[in-house]
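The values are calculated or read from the model by the stated rules, or taken from the named source; none is laboratory data. A quick note: this is a predicted structure, and the numbers were derived from the prediction, not measured. With ideal geometry, Cβ positions are generated from the backbone for all residues, glycine too; neighbour counts draw on all protein chains shown. What goes into the accessible areas is simple: the full protein's heavy atoms, side chains included, and nothing from ligands, DNA or RNA. Shrake-Rupley method; radii C 1.70, N 1.55, O 1.52, S 1.80 Å.
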Amino acid sequence: MAPFKFIDRVSRGLEIQQFGDGSSSRDYTYITDIVDGVVRAIDRPYPYEIYNLGKGDGTSLKEFISLVEKYTGKKAIIRQLPDQAGDVPYTCADVSKADCLLGYRAKISFEEGIRRTAEWYRAAYEKEIIEISPEAQANGLSRAASCVELKTQS
């Protein structure tokens, strides 16, 4: 969600919001890695197990924005805001159980995922496969998600 939103907004020259100083870190995982983990969990001899699927390490918001700029070729317009109440500085999936029982490990680095997503976005936008919808102002802070509609090709 956040990678697409940032790529979309930076590509279109729209402001993105940075809460805090950019040091907060999250464990972003490319979709193919999540699908791989789900497929590995199907038909295993471990009924009723819960697995954490993720990359297993964090990426700071500053690094995230820098990579979006790198792969969109555009400078982000950043509106820095105070930390959000209740937000934690670091989250990361502990994938050790999924690794042990399923042999799961994420294969796509965060940078590679941003590169692929920016490449897909650029190609889809140029071919007019995606149609950008205007954001609705959810709370006056431009926090509504970017919305797109994928057109079916005839």
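Quick look at the values:
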item	result
Test: E112 is modelled with pLDDT under 80 and closer than 22 Å to Y30 by Cα	no
Scan of the stretch 23-66 for residues that are within 16 Å of D94 (Cβ to Cβ), in contact (Cβ under 8 Å) with a residue 60 or more places away in the chain and among the aromatic types (F, W, Y), ordered by number	Y28
Residue within the stretch 39-51 that is of a type in the set (G, A, S) and in a helix (DSSP H, G or I) present	yes
Any hit, the stretch 63-71, residues being open to solvent by 80 Å² or more (accessible area, probe 1.4 Å), out of contact with any Ser or Thr (no Cβ under 6 Å at 6 or more places or on another chain) and either part of a loop (DSSP other than H, G, I, E, B) or among the small types (G, A, S) (or both)	no
Residue within the stretch 45-58 that is over 17 Å from the mean Cα position of the chain (by Cα) and open to solvent by less than 70 Å² (accessible area, probe 1.4 Å) present	yes
Members of the stretch 72-85 found to be closer than 19 Å to R122 by Cβ and not in a strand (DSSP E or B), listed by number	T72, G73, K74, K75, A76
Residue in the stretch 72-126 that is nearest to R40 (Cα to Cα), counting only those that are of a type in the set (S, T, N, Q) and surrounded by fewer than 13 Cβ atoms within 10 Å (Cβ to Cβ)	S96
